[in-house]
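To start, the structure under review is shown below, and the notes come after it.
No lab work stands behind these numbers, since they all come straight from the coordinates. As the structure is a computational prediction, the values presented were derived from the model and not from experiment. Because the Cβ atoms are built from the backbone with ideal geometry, glycine has one as well, and the counts that use them run over all protein chains shown.
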């Protein structure tokens, strides 16, 4: 395996221990690949190696807020065993009082840069796809989903809330300048994440932080009698307030729409099922035709030969149509995959991701929904499949199987 293949595997393996081992091997061979430590740490946050990686990452990229967010999450995971023993609010308060967590979050909010290293990962993807002809779209696109540490959003919201509360306390004591500095610290961090992030979830997180800070700055400007500044901050707060109910973790823009993507996934799955059914009919009926064409064939097999021929032809046509349906359904998404991976254009990947997620669920079931909601669909699908299997067994038994008993 080449160095690029080693790094590619380290970033995507679901086995955390193996992923860490490959990452360390890649960095040992090429120290400039140290960024893969951050990618692996985001995807496997419970690895013990992270405590050793964070100091190295800080020395290599000290101004990157992502490194400090990883450090904060690592500290929180060290205390995760205590979370089950106390209510969530008490656990969050305890984390706020942890000096190490406070220091990591303060460093993140003070960082002038945010880099999730997805650009480097995409460049690596393009080289690996070209070199190894690795064309698994689900595996490649899913590699771009883990952009932030799992607790980054909640940690940032919690720390931002504490900064805004500190600002309000300073404001109550008459220190409006100090209060503004607290509010601006939150706004700046949100702007860094929003402007330098690559995914919708990062933009969502940055926008949420900015919205809260701008509302506080608007209220402060109103108290100071600055109508123009208050109007400006009110406008900014409205502009960056995230849309309610939007699935911000999926990147790209809708082209076909969620309904079309899931309908296409159902068509793909049903066509695949029909291919199996038609293949079975072709095999069974074709066997009858072959047996009926032999010399000395039983009269029953000879009589069934015309019907079996028609069934074979019908099965072949059905197999051809099912194959064509699968090809035509998947082809637009293949072009999206080519643009996203080979050309670096992620503008239509939202449709593709939803399509791929839907293909991992049974037809008629939205991802993450319960099976019992669509129980009638599965019941009749099962009945149909059992009927086809039973028909095939009857044909085999009648024409190819057991000899008939002779009367005495």
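Sort 156-163, 94-101 by packing, meaning the average of other beta carbons within 10 Å per residue, with the highest value first.
Packing order, densest peptide first, comes out as 156-163, 94-101.
Fewest first, what order do 122, 182 take by the number of other Cβ atoms within 10 Å?
122, 182
In nm, to one decimal, how far is the modelled label at residue 14 from the one at residue 328, with both set 7 Å along Cα→Cβ?
With each label placed 7 Å out from Cα toward Cβ, I get 3.4 nm.
Separation between the residue 80 and residue 132 pseudo-spin-labels, each 7 Å from Cα along Cα→Cβ, expressed in nm?
2.7
By average Cβ neighbour count within 10 Å, what is the ranking of 325-338, 5-18 from highest down?
Those peptides, ordered most packed to least, come out 5-18, 325-338.
Please give the contour-minus-distance gain from residue 338 to residue 2: 0.36 nm per residue of separation, less the Cα-Cα distance, rounded to one decimal in nm.
118.6 nm
What is the spin-label model distance, in nm, from residue 52 to residue 270 if the labels are put 7 Å beyond Cα along the C-beta direction?
5.5
May I ask you to order 66-74, 264-272, 168-176 by the average number of other C-beta atoms within 10 Å around their residues, highest value first?
The densest-packed peptide leads the list: 66-74, 264-272, 168-176.
What full-extension length gain, to one decimal in nm, is calculated for residue 100 and residue 176 as 0.36 nm per residue of separation minus the Cα-Cα distance?
Taking 0.36 nm per residue and subtracting the Cα distance, the gain is 24.5 nm.
Just to verify a number: FRET efficiency for residue 93 and residue 119, C-beta to C-beta distance, R0 = 41 Å, to 0.05?
0.65
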